[in-house]
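Notes to accompany the following structure.
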Amino acid sequence: MDDKVSIGMDSRRITTSQRETTRPFSLKKQSRLGENIIQGFLLFCGVLSMFTTIGIVIVLGSESIAFFRQVSIVEFLTNTVWSPQIDEFGILPLLLSTLLTSTIAMFIALPTGLAAAIYLSEYASRRARSILKPVLEVLAGVPTVVYGYFALKFMTPLLKSVFGEANVNIYNMASAGLVMGIMIIPLVSSMSEDALSAVPRALREGAYGLGATRLETAIKVVLPAGISGIIAAFVVAISRAVGETMIVAVAAGAKPTFTFNPFEAAETMTGHIARISGGDLSYASIDYNSIFAIGLTLFLMTLGLNMISRRLVRRFREVYE
Amino acid sequence: MTEKQTDTAQYTLVVRNMNVYYGAFRAINNVSLNIERNKITALIGPSGCGKSTVLRSLNRMNDLVNGARVEGEVLFHEQNLYANDVDAVEVRRRIGMVFQKPNPFPKSIYDNIAFGPRINGWKGTKSEMDDLVERCLRQAALWDDVKDKLKESGLALSGGQQQRLCIARALAVEPEVILMDEPCSALDPISTLKIEELMMELRQRYTIAIVTHNMQQAARASDYTAFFLMNDQRAGELVEYGPTGDLFTNPKDKRTEDYITGRFG
């Protein structure tokens, strides 16, 4: 037997002979300054995002209150005309446009992104993964303004050639929505793939051992087990689409229009905020306050989505460990 | 030809000159082994000797490992499982598997059992499925524990119960063979005994091959024992194979004797 018993770091090494001679030592609390500083820094980083959120809520809230002193909430929520020049402040045209473009985007991004995630996590060989993942990451790294012009210069002409020159406006929600969907695919696929990859291998083997095919294993075992992560991915994707600005600003149109036709031009909430705040707007005006009311609406929408998703996750979650 | 016929009449699985590779590494060297119908065959040996690899080659579970390759023949009803036209999914349906760590699906107890029949094209009614679930749970000696909570998650059960659920789940697709890969290594002694008793009962209807780390378990609960050891190239080899009683009381190979008397491993 080695007579040296080492505990932790070298400086604290004690030998059995030393122990026998009852060398005095102290168990008193010591101050560990470095540790405290780091702990404080970590806390600061955590709290920072919380304070930012609080700050945003305060600014949005106070400016919105100024707006709602002059325009009733009922008018704001029910009027189908948004035209600050003639004192019409109905959010509906902006909201509808946002919902239309986001819905179109989700029809592209959610199925495609999830399918890509299932392929990457359940089917892809190491080689296929090593090609596909970087490509998806490049797609995620393209600046959104580039996507905006891609919509305008590629998707819109494509839609025109398919649906007819006269039926499709040069600025339209379909084009913006479709390209936004493509932009969001990597987000959905990468978050969903993480969720699927986290499902233990043992569950897959259990399914294969019962004679399940790859598809049955993926759809009936892995997907349900990873559903909470996938719902989280979907919610982030929807929030991303609702909040996306540049693509819709470039390609969807610059006039608030209440229309259900995706081939028409209509400005979204974010597009409107970007355009108005870019112009020369005086701070005291109701126009200025109005964009904060729109911002607050956006904020509440994403907050609501997050709350719904938490419920969904709790309800459908298959806890696997 | 006559040799082959007698083989498959008496033996459920006939392994002939099997080599298993992981990439360039040969993990199993030239194993031949006959697994007798309605008996329990134990595969024993020290860690890394390839006993699990052999077991997982018996229902093409190794297909799922990147770079794994099997040479030689595994005959099941006179068909080589590794022939080009054999569907691994069909193989696994007929040769079921129970794993080291209990791995119930994160679904209800009922749905765990129903999973196998459903993916294999179950056509029966709801009440027939209820009967099947009950029958499988009874066979796995789990019915009395869970009959009032079939809708609860399989993961709410204790480790031993989970493993019996996994056995019941395997029974539900009515396989001919059940492969068990150290099914008791994560369980306490009492749960282990229950699984062993269960194996003894299942033997009447199924052929069982079990990998175990535990020599007492092999001695207690198997009819035949195969002892594996790594050779100099770190490839697993079959050292000795025979009726469990003979192998433990009168081993022919010195290395078997050393192992079962606890001199190494």
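Please give the peptides B:127-134, A:307-314 ranked by average Cβ packing (other Cβ atoms within 10 Å per residue), highest first, as a rough proxy for protection. Don't jump to the answer; show the numbers that get you there.
Values: B:127-134: 15.1, A:307-314: 13.5.
Most protected by this proxy first, the peptides run B:127-134, A:307-314.
As a test, work out the antiparallel percent of DSSP beta bridges whose residues both lie in the protein assembly as shown, rounded to the nearest 5.
Details: 30 of 48 bridges.
Taking every DSSP beta bridge within the protein assembly as shown, about 60 percent pair in antiparallel fashion.
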Item checked: Descending semi-axes in whole angstrom, ellipsoid equivalent of the stretch B:2-260, from the Cα gyration tensor -> 31, 21, 17
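Sort the following peptides by mean Cβ neighbour count (other Cβ atoms within 10 Å, averaged over residues), highest first: B:12-22, B:246-256.
Values: B:12-22: 19.0, B:246-256: 15.5.
Going by the mean number of other Cβ atoms within 10 Å, highest first, we get B:12-22, B:246-256.
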Notebook entry, point to check: Using a Gaussian network model of chain A with C-alpha springs under 10 Å, which one of A:147, A:171, A:283 is most mobile by mean-square fluctuation?
Noted result: A:283
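Please give the average number of partner chain Cβ atoms lying within 10 Å of the Cβ of each residue in A:197-203, rounded to a whole number. Please report the intermediate quantities before stating the final value.
Working: counts 0, 0, 1, 3, 2, 6, 4.
For this peptide, the per-residue mean of nearby foreign Cβ atoms is 2.
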Check: Residues with amide H under 5 Å of residue B:42's amide H, sequence separation 5 or more or different chain, H placed in the peptide plane at 1.01 Å from N; which?
Finding: B:210, B:223, B:224, B:225, B:226
Checklist line | For B:96-108, mean number of other protein chain Cβ atoms within 10 Å | finding: 5
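Per residue, what accessible area does chain B have, given a 1.4 Å probe and all protein chains present, in Å²? Before the final figure, lay out each step's value.
Numbers: 11590 Å² over 265 residues.
In whole numbers, chain B has 44 Å² accessible per residue.
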Next item on the list: Give me the percent of the accessible area of chain A that comes from carbon and sulfur atoms, probe 1.4 Å, all protein chains in place.
Entry: 65
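Would you mind giving the three semi-axes, in whole Å and largest first, of the ellipsoid equivalent to the stretch A:42-99 according to its Cα gyration tensor? Don't skip to the answer; put the middle values down first.
Values: eigenvalues 205, 39, 13 Å².
One finds semi-axes of 32, 14, 8 Å for the stretch A:42-99.
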Note to self: Can you give the log10 of the normalised intensity I(q)/I(0) at q = 0.12, 0.23, 0.25, 0.29 Å⁻¹, computed with Debye over equal Cα scatterers of the stretch B:188-255?
What the structure shows: -0.37, -1.06, -1.15, -1.32
Next item on the list: Whenever you get a sec, line up B:143, A:82 from highest to lowest accessible area (probe 1.4 Å, protein heavy atoms).
Entry: B:143, A:82
Checklist line | Calculated SAXS-style log₁₀ I(q)/I(0) at q = 0.11, 0.19 Å⁻¹ - the stretch B:101-221, Debye, Cα scatterers | finding: -0.34, -1.01
Check: Once amide H atoms are placed 1.01 Å from N in the peptide plane, what residues at a sequence separation of 5 or more from residue B:15, or on another chain, have their amide H within under 5 Å of its amide H?
Finding: B:33, B:34, B:35, B:75
Next item on the list: Please arrange B:230, A:106 by accessible surface area, largest first, computed with a 1.4 Å probe and ligands excluded.
Entry: B:230, A:106
Item checked: Mean projection area, nm², convex hull over Cα of the stretch A:239-321 -> 8.0
Note to self: Between the stretch A:269-293 and the stretch A:118-176, how far is it from one alpha carbon centroid to the other, in angstrom?
What the structure shows: 30
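So how many Å³ per residue does the convex hull of the Cα atoms of the stretch A:77-205 work out to?
That works out to 158 Å³ per residue.
Among the trypsin sites (Lys or Arg not before Pro) in the stretch B:100-201, which ones are in a DSSP loop with at most 15 other Cβ atoms within 10 Å of the Cβ? Mind listing them? All intermediate terms of the calculation are to be shown ahead of the outcome.
Numbers: sites: B:107, B:118, B:123, B:126, B:135, B:138, B:147, B:149, B:151, B:164, B:169, B:194; in loops: B:107, B:123, B:147, B:149, B:151.
The qualifying sites are B:123, B:147, B:149, B:151.
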Check: Among B:71-78, B:202-209, A:48-55, what's the highest-first ranking by average C-beta atoms within 10 angstrom per residue?
Finding: B:202-209, B:71-78, A:48-55
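At a probe radius of 1.4 Å, figure out the B/A buried accessible area, summed over both chains, and give it in Å² to the nearest 100.
On the way: alone 12540 and 19200 Å², together 29810 Å².
Interface between B and A: roughly 1900 Å².
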Notebook entry, point to check: Tell me, what is the per residue accessible area of chain A in Å², probe radius 1.4 Å?
Noted result: 57
Checklist line | Solvent-accessible area of residue A:227 with every protein chain in place, 1.4 Å probe, in Å² to the nearest 10 | finding: 50
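What is the percent carbon and sulfur in the accessible area of chain B, measuring with a 1.4 Å probe over the protein chains and ignoring ligands? Write out the running numbers ahead of the final one.
Details: 5350 of 11590 Å².
Carbon and sulfur atoms account for 46 percent of the accessible area of chain B.
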Check: According to the square roots a ≥ b ≥ c of the eigenvalues of the Cα gyration tensor, what is the shape class of the protein assembly as shown, taking rounded for a/c under 1.5, prolate for a/b larger than b/c otherwise, and oblate for the remainder?
Finding: prolate
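Give me D for the stretch B:142-208 in µm² s⁻¹, whole number, from Stokes-Einstein with Rh from the Kirkwood sum over alpha-carbon pairs, 4 °C and 1.567 mPa s.
Numbers: Rh = 12.6 Å.
In µm²/s, the coefficient rounds to 103.
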Next item on the list: Count, for each residue of B:113-119, the Cβ atoms from other chains sitting within 10 Å of its Cβ, then give me the mean as a whole number.
Entry: 4
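State, as an integer percentage, the relative contact order of chain B based on alpha-carbon contacts under 8 Å between residues 6 or more apart.
Rounded, it is 27 percent for chain B.
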Checklist line | residue A:72 accessible area, assembled protein chains, probe 1.4 Å, Å² | finding: 60
Next item on the list: Apply the Karplus parameterisation 6.51 cos²θ - 1.76 cosθ + 1.60, with θ equal to phi minus 60°, to every residue of the stretch A:49-59 and state each ³J(HN,Hα) to the nearest whole Hz, in sequence, with x for glycine and proline.
Entry: 5, 5, 5, 4, 4, 4, x, 4, 4, 4, 4
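If you put +1 on each Lys and Arg Cβ and -1 on each Asp and Glu Cβ, how big is the dipole of the protein assembly as shown around its Cα centre, in Debye rounded to 20?
My answer is approximately 860 debye.
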Next item on the list: Provide Rg over Rh for the stretch B:43-111; use the alpha carbon set for both Rg and the Kirkwood Rh (inverse mean inverse pair distance).
Entry: 1.01
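Could you give the semi-axes, largest first, of the ellipsoid that matches the stretch A:76-316, computed as the square roots of 5 times the alpha carbon gyration tensor eigenvalues and rounded to whole Å?
Values: eigenvalues 293, 85, 42 Å².
Ellipsoid semi-axes (Å, largest first): 38, 21, 15.
The values are calculated or read from the model by the stated rules, or taken from the named source; none is laboratory data. Given the structure is predicted, the values throughout are model-derived calculations rather than measurements. Using ideal geometry, Cβ is built from the backbone for each residue, glycine included, and neighbour counts are taken over all protein chains shown. Heavy atoms of the whole protein, side chains included, go into the accessibility calculation; ligands, DNA and RNA do not. Shrake-Rupley method; radii C 1.70, N 1.55, O 1.52, S 1.80 Å.
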